[in-house]
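The structure appears right after this line, and notes come after that.
Every number here is computed from the coordinates shown, using simple stated rules; none is lab data. All figures in this text were calculated on a predicted structure; none of them were measured in a lab. Here Cβ is always computed from backbone atoms with ideal geometry, including for glycine, and neighbour counts include all displayed protein chains.
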Amino acid sequence: MKNFSRNFLSIKAFYLAFSCCILAFSACAGDTTKVAFVSGLQPNDNGLILPAGFKATTFAEGLGRARHIAVTSDGVVFVKLAKLKDGKGIYRLQDTNGDGKADLVTGFGDFTGTGMTVRNGYLYASSDVAVYRYRLDDRNKVVNPDQPENIVTGLLARGEHEAKAITLDYDGNLYVNIGAYSNSCQVVDRTKGSPGMRPCPVLDSAAGIWKFKADKPGQTYADGVHYATGLRNVVGLDWNKTTNTLFVMQHGRDQLHDLFPDIYDTKQSAELPAECMYELHQGSNCGWPYIYYDEFQHKKILAPEFGGDSKKTAGEDAQDPVIAFPGHLAPNGLLFYTGDQFPAKYKNGAFIAFHGSWNRAPEHQKGFFVVFVPFKDGKPSGEWEVFADNFSGSPALTASGRAQHRPCGLAQGPDGSIYVTDDTKGTVWKISYNK
Amino acid sequence: MTKTLGISFSAILLIVACGLLSLTNKSFPPIQKNGPVQNVSGLKVSIERGKKVYAEQCLSCHQVDALGVSGMTPPLVKTKWVLGDKTTLVQIVLKGLTGEIEIDGDTFHNVMAPHSELTDQQIADVLTYVRNSFGNKARAISAAEVKVIRAKTK
């Protein structure tokens with residue numbers, strides 16, 4: 001007991017120091033983003049820092065590059081891996097005794113990838129070039145683990161933004177991200193002095209969301225409907241039941257300072273552009289590569305490759321974001337919370353897993369947390385706040401980017417708990433609320 | 001008590017942090033185009049200049065500690081490219097690199113842009129710096145060597 005309270009105290013002391021660091025750095029970095037960063041968050045006994053009343057259990061560990069995650073109506077968890085573990089690319093995790101930890105773990109599937117979702121007795125999984133599905137029996141066991149149906153094959157993957165994040169609507173459609181094989185559509189990618197291409201040829205076959213039939217095997221890339229365009233890369237996406245629309249999180253462009261040192265200093269380059277949430281409809285255009293969103297000026301700014309100077313606005317035909325977050329935080333998971341377990345303010349709001357930045361160097365890295373945005377009637381109804389923090393292990397590991405864990409996938413369980421994956425070590429946390 | 005402690009603590013941190021930030025924000029002096037790099041003090045000078053080239057040209061992708069970014073950008077620590085054949089290494093900087101590469105079972109597939117606009121001396125310096133930092137130990141590369149490799153790379 002004594003030991004416990006001492007431990008607890010030191011965690012508190014650490015946390016105080018942590019808040020001070022944040023304060024110090026944001027003060028001199030002129031960080032104007034309004035963030036309820038520390039208020040109300042408390043350390044959990046496995047290292048995560050959560051709001052009062054929430055508790056995280058380590059549901060599973062050691063899965064390696066655990067990407068997206070899906071939970072069935074009876075609480076069976078499936079995780080997609082970006083690197084095979086013991087030759088398997090999907091893991092089925094079951095907690096048979098209800099202690100918050102998976103005790104029945106089986107692997108199947110010989111391909112790596114990111115996408116994972118479950119609907120109507122099927123598990124959907126994506127590689128970087130295809131979407132498959134597996135039939136589940138009435139106990140959510142995979143019927144034929146070695147022979148999934150090919151739903152879509154031949155998707156484009158050119159080595160950059162190749163992860164195929166997927167989600168489904170409730171009318172039998174499958175939405176697939178085809179990321180841009182480019183940072184900002186220069187003639188020579190990521191090369192100083194190379195001009196932007198207008199029209200950008202990447203937009204014809206990538207940098208958007210493609211829509212397929214969820215229950216029709218044998219579709220090819222060409223069968224897809226080009227649903228939305230001007231999205232550089234989307235990893236976090238979810239269907240919003242309140243609005244009956246698709247919401248996505250875009251990974252904004254990199255390297256403003258590297259490519260245009262005369263226009264952007266390293267600090268501006270670390271903060272810009274915003275990571276944006278968009279609500280999509282058939283035909284939506286979010287503006288990449290011609291513009292990016294500046295959350296300080298609250299404007300769509302002409303990209304420097306296309307003649308921009310950090311102030312000129314453009315993209316009148318492009319949508320505005322639903323909400324904008326600081327640059328380079330890498331949103332990899334999006335979940336609209338529909339459960340009843342969490343306090344009322346969380347209902348229908350958005351959880352976003354931020355993988356954490358790399359493109360803020362030489363400034364300090366940032367992210368490695370799960371944030372929450374309250375929603376009312378399908379629109380944000382307040383500021384975003386950090387919900388679960390310290391995945392990195394410490395403020396120093398956040399700053400250096402050498403995070404111990406990087407949040408990636410999010411899913412909601414039937415009891416209203418949420419699950420978070422980490423694609424550095426392959427930890428899966430289950431976060432519950434218990435007054 | 002805790003409150004005052006916290007406040008003074010953050011004040012100190014603020015000062016330290018701002019100091020650090022202003023240090024990293026300092027602009028770099030221009031790099032000399034020519035200069036001997038073969039002798040020991042020449043090596044030191046080349047490493048010094050190379051450090052600045054690294055900060056401006058490589059750091060944002062390969063990171064401050066040269067350990068790269070998992071799944072995207074490879075480390076520059078004891079890889080076969082960094083420690084290996086000079087021609088291949090110089091050509092990676094001149095022409096860039098795309099496609100998937102594997103280092104210790106981890107794959108990387110982001111894009112490394114060409115850096116052919118750097119002078120022979122800058123390339124020699126940055127590679128000499130990388131080959132003698134971050135736990136690496138390998139022979140220096142001279143501007144003359146880069147010049148020869150550049151000529152046959154075109």
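Sparse packing (at most 11 other Cβ atoms within 10 Å of the Cβ) combined with a DSSP loop state is found for none of the trypsin sites (Lys or Arg not before Pro) in the range A:220-256. Taking other Cβ atoms within 10 Å as a rough exposure proxy, B:V148, A:V235, B:V93, B:V64 sort from fewest to most as B:V148, B:V64, B:V93, A:V235. Karplus-based coupling profile of the range A:67-82, in residue order and whole Hz: 9, 7, 9, 9, 10, 7, 5, 10, x, 7, 10, 10, 10, 9, 10, 8, with θ = phi - 60° in 6.51 cos²θ - 1.76 cosθ + 1.60 and x standing for Gly or Pro.
For B:I141, the residues whose amide H sits under 5 Å from its own are B:T128, ignoring neighbours fewer than 5 places away on the same chain, with H placed 1.01 Å from N.
Positive contributions from Lys and Arg (+1) and negative ones from Asp and Glu (-1), summed over other residues with Cβ under 14 Å from the Cβ of B:H109, come out at -3. With a cut-off of 10 Å between beta carbons, the residues surrounding A:Q319 carry a summed charge of -2, where Lys and Arg count +1 and Asp and Glu -1. The mean number of partner chain beta-carbon atoms within 10 angstrom of a residue's beta-carbon across peptide B:60-70 is 6. Length gained on full extension, A:Q297 to A:D74, computed as 0.36 nm times the residue gap minus the Cα-Cα distance: 75.6 nm.
3J(HN,Hα) along the range A:386-395, derived from phi through the Karplus expression 6.51 cos²θ - 1.76 cosθ + 1.60 where θ = phi - 60°, amounts to 6, 9, 10, 10, 6, 4, 5, x, 5, x Hz, with x in place of Gly and Pro. For the set A:K83/A:K267; A:K85/A:K347; A:K192/B:K86; A:K83/B:K78; A:K216/A:K425; A:K300/A:K376, the pairs lying more than 30 angstrom apart at their alpha carbons are A:K83/A:K267; A:K85/A:K347; A:K216/A:K425.
Determine the distance separating the Cα centre of the range A:333-393 from the Cα centre of the range A:64-93; give it in Å without decimals. Cα centres, the range A:333-393 to the range A:64-93: 22 Å.
Among residues other than A:V71 with Cβ under 12 Å from its Cβ, the summed charge is 0 (Lys and Arg +1, Asp and Glu -1).
Based on every Cα atom in the range A:4-433, Rg and the maximum pairwise Cα distance Dmax equal 20.8, 62 Å.
Less than 5 angstrom separates the built amide H of A:T167 from those of A:Y175, all sequence-distant by 5 or more or on a different chain. Here the sum of -39500 (n - 2.57) over DSSP H runs of 4 or more residues, divided by the residues of the protein assembly as shown, equals -6500 deg cm²/dmol at 222 nm, to the nearest 500. Rounded, prolate or oblate: which fits the range B:38-153 when a ≥ b ≥ c are the square roots of the eigenvalues of the alpha-carbon gyration tensor, with rounded for a/c under 1.5 and prolate only if a/b beats b/c? Cα axes put the range B:38-153 in the prolate bin.
Highest mean packing comes first when the peptides A:57-64, A:176-183, A:264-271 are listed by Cβ atoms within 10 Å, giving A:176-183, A:264-271, A:57-64. The mean number of Cβ atoms from other chains found within 10 Å of a Cβ in peptide A:151-160 is 2, as a whole number.
Of the beta bridges in the protein assembly as shown, as assigned by DSSP with both residues counted there, near 95 percent are antiparallel. By the count of other C-beta atoms within 10 Å, a proxy for reagent exposure, A:E385, A:E316, A:E305 are ordered fewest to most as A:E316, A:E385, A:E305.
Scanning residues 5 or more positions from A:T313 or on other chains, those with amide H under 5 Å from its amide H are A:L302, with H placed 1.01 Å from N in the peptide plane. Say a paramagnetic label sat at a point 7 Å from the Cα of A:T220, along Cα to Cβ; which residues of the range A:162-206 have their backbone N under 18 Å from it? Under 18 Å, as judged by backbone N against the label point of A:T220, lie A:205-206 of the range A:162-206. Counting Cβ atoms of other protein chains within 10 Å of each residue's Cβ and taking the mean over peptide A:360-371 gives 3.
Ranking of B:C61, A:C408 by neighbouring Cβ atoms within 10 Å, starting from the fewest: B:C61, A:C408.
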